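A.B. asks: The structure under discussion is supplied below as structure tokens; questions concerning it will follow.
The values are calculated or read from the model by the stated rules, or taken from the named source; none is laboratory data. All figures in this text were calculated on a predicted structure; none of them were measured in a lab. As a convention, Cβ positions derive from the backbone with ideal geometry for all residues, glycine included, and neighbour counts pool all protein chains shown. Areas reflect the complete protein model, heavy atoms only, side chains present, ligands, DNA and RNA absent. Shrake-Rupley method; radii C 1.70, N 1.55, O 1.52, S 1.80 Å.
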Amino acid sequence: MNKSLVQEQFGKTAASYLTSTPHALGKSLERLVAITSPQKSWHGLDVATGGGHVAYAFASHVARMWATDITQEMLDLVRAEAQKRGLSNIRVAYAKAEALPFEDESFDLVTCRIAPHHFDSIPEFLAEVRRVLKPQGLFALVDNVVPQGSVGDYINAFERFRDPSHLRAWTMDEWRAALKKHGFAITHEEQLYKKIEFKSWASRHDDTMQALLCAMLAQVTPEVKAALEPQSTGAELTFRLCEGLFINRRA
Ligand SMILES: C[S@@+](CC[C@H](N)C(=O)[O-])C[C@H]1O[C@@H](n2cnc3c(N)ncnc32)[C@H](O)[C@@H]1O
């Protein structure tokens with residue numbers, strides 16, 4: 001089977017997602033657990049698990065947590081890490097977000113964090129989440145979000161230049177409309193900013209590409225600058241991205 005762009009990109013960099021600060025330590029991880037109040041009887045599914053951080057965070061609170069992804073290197077990594085952490089209730093499986101290999105109404109909780117901006121079809125993903133959730137089940141979603149209009153377009157282009165598998169991060173309004181359309185009642189939402197260290201974010205690229213990405217961050221309109229907040233302190237360059245967090249009940 002030919003690898004998709006996603007499988008190419010994430011297969012090459014899988015190990016880095018286990019330790020990457022925004023993934024392993026991002027604020028949204030603890031917020032998801034705090035707001036959903038997981039129960040010991042619950043069966044949960046984490047879609048596009050990457051380095052598995054959401055599955056690890058929920059595993060000790062629930063009966064079973066499935067960690068799923070389409071990149072084999074991620075699945076291998078999560079299987080080994082769950083064992084290392086003694087999390088024996090984590091199951092690992094291949095699953096495409098738009099075609100989940102689970103029965104209707106199987107889960108009390110579905111999670112998905114920092115991934116839908118890579119999906120071929122977010123509407124198909126949402127329809128699948130609704131299908132596999134039990135009635136009144138919870139869907140806990142986090143993804144990078146962008147402002148509307150040209151500022152958001154620029155941020156998406158900047159992210160896509162560094163990682164071509166980044167298709168498009170949505171706005172908060174797009175998410176609200178799509179969640180409603182697919183039969184979810186939003187019970188909580190918030191936006192969380194995360195500081196990104198440019199050096200580590202761009203480290204998969206050679207010097208020329210890093211210089212181009214750096215220029216894309218430096219030569220921006222005041223509106224983009226206000227959104228990304230690039231800052232240099234000595235040799236360190238940072239900027240910020242925004243995550244949208246939505247907790248949703250299957251109506
Ligand atoms: C940034 S990582 C996810 C981070 C992780 N959820 C976390 O919280 O640390 C994005 C993941 O999405 C997966 N992915 C991308 N498109 C997918 C799809 N259509 N179905 C399932 N997984 C997908 C990639 O293989 C990758 O592992």
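A.B. asks: Picking from Leu45, Leu32, which residue would you name as being among the hydrophobic types (A, V, I, L, M, F, W, C) and within 11 Å of the ligand (Cβ to nearest atom)?
C.D. replies: On the way: Leu45 fails: within 11 Å of the ligand (Cβ to nearest atom).
Leu32 is the lone residue from the list that is among the hydrophobic types (A, V, I, L, M, F, W, C) and within 11 Å of the ligand (Cβ to nearest atom).
A.B. asks: Counting only residues that are buried (at least 16 other Cβ atoms within 10 Å of the Cβ), in contact with a strand residue (DSSP E or B) (Cβ under 7 Å, 6 or more places away or on another chain), more than 17 Å from Gly11 (Cα to Cα) and among the aliphatic types (A, V, I, L, M), how many does segment 36-80 have?
C.D. replies: Total meeting the criteria: 6.
A.B. asks: Looking at this structure, is Ser88 among the hydroxyl-bearing types (Ser, Thr, Tyr) and free of Cβ contacts under 8 Å to residues at least 24 places away in the same chain?
C.D. replies: Yes; evaluated as a whole, the condition is true for this residue.
A.B. asks: Same structure again: Do you know which residues across segment 48-92 are more than 14 Å from the ligand (Cβ to nearest atom) and among the polar types (S, T, N, Q)?
C.D. replies: Within segment 48-92, Ser60, Gln83, Ser88, Asn89 meet the criteria.
A.B. asks: Failed condition for Leu133, given (1) away from the ligand (no atom under 16 Å from the Cβ); (2) open to solvent by 50 Å² or more (accessible area, probe 1.4 Å), with all others met?
C.D. replies: Every condition holds for Leu133 apart from (2).
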